[in-house]
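Data block below; observations after.
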Amino acid sequence: MRAAAERVIVGQLETTMPKLICLCGYVHRLGEIPDAGWVAVLDRDYEELVAAELALPHGRRPLAEEDDPHLATVSRITTRLYECAACGLLAWFRDDGDIPEFFRPLRDKK
Ligand SMILES: [Zn+2]
């Protein structure tokens, strides 16, 4: 169930490391690879994801979608979720953009 769906602009930093600021003010650091977020994929796209991951070059993973069509496929069919360590809010980048939607778990009373 969608309890909170405010759209908030993701902050871009004073440094080159991107960050996401939760509605409570907590700062998610998105620049680390891998970061602390979740990767989500539709069940119907899962086999395509596995095939694309297996087709990526071994040893040196491309950093940009423009560098590899398989990485572009992975990026296209996956979404990212981040759980706030301070308040539990979920930030979900669902629409292939830089603006997440926020969801509050029903069990959470904060
Ligand atoms: Zn938060």
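Rule-based calculations on the coordinates, nothing more; no lab input. Not measured: the values here are computed from a predicted model. Heads up, the Cβs are rebuilt from the backbone with ideal geometry, glycines too, and the neighbour counts pull from every protein chain shown.
3J(HN,Hα) along region 37-52: x, 9, 10, 10, 9, 5, 4, 5, 9, 4, 5, 5, 5, 4, 4, 5 Hz, from the Karplus curve 6.51 cos²θ - 1.76 cosθ + 1.60 with θ = phi - 60°, whole Hz, x for Gly and Pro.
Using Cβ counts within 10 Å as a stand-in for footprinting exposure, how do ASP98, ASP43 rank, fewest first?
Details: ASP98 11, ASP43 6.
The most exposed by this proxy come first: ASP43, ASP98.
Applied to region 21-26, the Karplus parametrisation 6.51 cos²θ - 1.76 cosθ + 1.60 on θ = phi - 60° returns per-residue 3J(HN,Hα) values of 9, 5, 4, 8, x, 4 Hz, with x for Gly and Pro. Annotation: amide H-H contacts under 5 Å for LEU56 (H modelled 1.01 Å from N, sequence separation of 5 or more, or interchain): none.
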